Amino acid sequence: MRFWRIGKQAVGMVAVMAVLWGCTKTPGESSPAKVLENYIKISFSLSGAQDRKRMEELLTGDTLARLMSWSDDQFMKAFLESPKRFQGLKILENRKVSDQEVALTYELSFEEGPKENLAQITQKKLCSVIKVDGLWKIKEVRSIRESIEYLKEFTLP
């Protein structure tokens, strides 16, 4: 019986240590795939134009300049006006270009639009992520393919 008690305590300690270890961030923990995942997560959970700064922190180069040049109205229209519901992200290829650059090919799926005209959208994209001052940042994103499937049949006005 004493062995069982020690075993339960040991399992409890391992569980606590695993949780603490999983929550602890260490320098350099970031990866190109994680930066992309964070950016997409933020873009689907925005509540207003004030959230733009969180997205900008993950970008660099022309992509950052383009987002910073948008007015609040442009930002709101692109990210908040059309209801989008995240469905999934699949990283299809993770290719190291150099020590400072990684190319990610990924597929993003989401639903968009009102319930009566709901569409399932799947986008295949290529993302270039580079290391800037020790941090991975998104440099460029290019669309490869987009498919739109309307979940309800079309009706004519």
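Couple of notes before you dig in:
- The lysines whose alpha-carbon is closer than 27 Å to the alpha-carbon of residue 125, local same-chain residues fewer than 8 away aside, are 34, 41, 53, 77, 84, 90, 96, 115, 137, 139, 152.
- Translational diffusion coefficient of the stretch 56-157 (Stokes-Einstein, Kirkwood radius from Cα pairs, 20 °C, 1.002 mPa s): 137 µm²/s.
- With all protein chains modelled, accessible area of residue 132 [1.4 Å, Å²]: 40
- Exposure ranking of 136, 70 by accessible area [1.4 Å probe, largest first]: 70, 136
- In Å, descending, principal axis extents of the Cα set of the stretch 95-139: 48, 19, 9
- Largest accessible area first, the residues 72, 51, 133 order themselves as 133, 72, 51 under a 1.4 Å probe with ligands, DNA and RNA left out.
- Shown in residue order for the stretch 131-146 are the 3J(HN,Hα) couplings computed by the Karplus curve 6.51 cos²θ - 1.76 cosθ + 1.60 at θ = phi - 60°: 8, 10, 6, x, 10, 7, 9, 7, 8, 7, 10, 10, 7, 9, 7, 9 Hz (x for Gly and Pro).
- Along the stretch 75-92 the Karplus relation, 6.51 cos²θ - 1.76 cosθ + 1.60 evaluated at θ = phi - 60°, assigns HN-Hα couplings of 4, 4, 5, 5, 10, 10, 6, 8, x, 10, 10, 4, 10, x, 9, 10, 8, 8 Hz to successive residues, with x for each Gly and Pro.
- For the set 52, 66, the ranking by accessible area, highest first and with no ligand, DNA or RNA atoms included, is 66, 52 under a 1.4 Å probe.
- Shape category assigned to the stretch 70-128 from the gyration tensor of Cα positions, a/c cut at 1.5: oblate
- By a 1.4 Å probe calculation restricted to protein chains, residue 140 has an accessible surface near 60 Å², given to the nearest 10.
The values are calculated or read from the model by the stated rules, or taken from the named source; none is laboratory data. Here the structure is a predicted model, which means the values were calculated and not measured. Only protein heavy atoms, including side chains, enter the accessible area calculation; ligands, DNA and RNA are left aside. Shrake-Rupley method; radii C 1.70, N 1.55, O 1.52, S 1.80 Å.
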